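J.: Sharing a structure with you now.
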Amino acid sequence: MTVVWDMAHVQTSPLFAALHPVLARVKWPSQAWPPLADYQAFLDQLPQPVMTASGARLRVAPQASEKSNDWRQGYEPRIYLTGELSTRAECWHDVLNLMVWSAFPQSKAALNARHFALLEARMGLPSRTTPRQPAQDALTQFDESGVIIVSADETLSELLHNFRWKNLFWDRRADVQAHMRCFLFGHGLMEKALMPYRGMTGKGIVLPVETAFFTQAPARQIADIDEQLARLIADPQKLMKPHDLAPVPVLGFPGFTPANEKAAYYEDQNYFRPGRGAAP
C-alpha cells in the first residue's frame, strides 16, 4: 500500500493513540519522507534508550542487500544480538515498527527475546524435526496485528471474549467509553489504519486494570501497559498458539470511526462475526 507521508494524521488519529505520548515528546524532524538518519535521530532524542533483552541498544540499520545463510543474521536474531533494526526507506510498515518500539520498548524487547529463544532452540535440532512452532505464529500475529484491550469491567471483557459485539459496543457503549480502551500495537495493523476500512481486525490481548487507570495521563497509561504486557509476553506459557489471541473488530470501538455511531453498523456480521463461540 502506497500512502504519502502524513505524520500529522498519525499524531492526531485516535487509532494511533498508543504512539501519541512518545510523538508528543519528540519532534519528528521532517514533513516529507525522512532519510534513515532521521529515524536514528528520532531514537536518539528519546528520554531513555530503547534496549533489547540482550542489552544491545536499538539502532536503525538498512536492510541487508543479500540474504545470509547464517540464521543469526536473520531479522529477529539481528535485533536481539546487535540491536540493529532492519529498516527500509519510505516504508510505513518499518517506520511504524520503529515507533512501536519507542512506545512499548519492554514489550517489543520481550517479543524479540521469545522469537530469538524459539529460533535458537530450532537451530540445535535436525531441520526435519523442527517445524515452525505455534508460539512463533502467535508472537508474529501479535507483533503485526496486535491490539491491547484494557478493561476495568470484567463483564465487558466477557462480552468481547464471547463475540457479543453489539451488546458490547452499542448496548454497553457508555460503559465501554468509561471502563475500556483499545490500543493498536501491531505495526502491520497500524499501516492499515492509515486508510481504515470496515473489516480491519486485530489480534487482541485483554489486560485487566483498575478504574484509576483511566484517570492517568496518556504517557503513564502506555507505560503501565508496557510493563504488564511485557511480563505476559515473556512468560513462555503464554501466547503459545494463535487462538490465544482474541479477534477484535477494532472499528467497533466508539470514536474509531464516525460510521459506528449508528446501531445498524453493528448488524454487519461479515465484520462483527459470531466467531468460534468463546475465545480463550
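J.: With a/c under 1.5 counting as rounded, go ahead and sort the stretch 139-254 into rounded, prolate or oblate using the C-alpha gyration tensor (a ≥ b ≥ c being the square roots of the eigenvalues; past the cut-off, prolate if a/b is larger than b/c, else oblate). Before the final figure, lay out each step's value.
T.: Values: a/c = 1.33, a/b = 1.09, b/c = 1.23.
Note, shape of the stretch 139-254 comes out rounded.
J.: Let me have the relative contact order for the stretch 136-245, percent, based on Cα pairs under 8 Å that are six or more residues apart.
T.: 42
J.: Per DSSP H run of n ≥ 4, the term is -39500 (n - 2.57); total these for the chain, divide by its residue number, and report the mean residue ellipticity at 222 nm rounded to 500 deg cm²/dmol.
T.: Computed ellipticity for the chain at 222 nm equals -11500 deg cm²/dmol.
J.: Same structure, new question: Quick check on packing: order 155-166, 95-106 by the mean number of other C-beta atoms within 10 Å, highest mean leading.
T.: Descending mean neighbour count gives 95-106, 155-166.
J.: Which of A263, L23, L81 sits closest to the plus end of the dipole of the chain, meaning its Cα is farthest towards the positive end, when Lys and Arg get +1 and Asp and Glu get -1 on the C-beta?
T.: Working it through, the farthest residue towards the positive pole turns out to be L81.
J.: Compute the separation of the alpha-carbon centres of the stretch 50-89 and the stretch 225-280 and state it in Å as a whole number.
T.: Spelled out, the Cα-based centre of one part sits 30 Å from the other.
J.: Measure up K203/K241; K166/K238; K27/K203; K108/K192 against 23 Å on the Cα-Cα distance and list the ones that go over.
T.: K166/K238; K27/K203
J.: Put +1 on the Cβ of each Lys and Arg and -1 on the Cβ of each Asp and Glu in the chain; which of F214, P34, A53 then has its Cα farthest toward the positive end of the dipole?
T.: Projecting each Cα onto the dipole axis, the largest value belongs to A53.
J.: Return the loop-located chymotrypsin sites (Phe, Trp or Tyr not before Pro) in the stretch 189-259 (DSSP other than H, G, I, E, B) with at most 14 other Cβ atoms within 10 Å of their own Cβ; answer none if there are none.
T.: Listed in order of number, the matching sites are Y197.
J.: May I pose another question? Arranged from highest to lowest average of other beta-carbon atoms within 10 Å per residue, in what order do the peptides 42-54, 241-253 appear?
T.: With the highest mean Cβ count within 10 Å placed first, the list reads 241-253, 42-54.
Any read-out appearing in this document is the output of simple, stated calculations on the displayed coordinates, not a laboratory observation. This is a predicted model, so every value here is computed, not measured. Ideal geometry is used to build each Cβ from the backbone, glycine not excepted, and the neighbour counts take in all protein chains shown.
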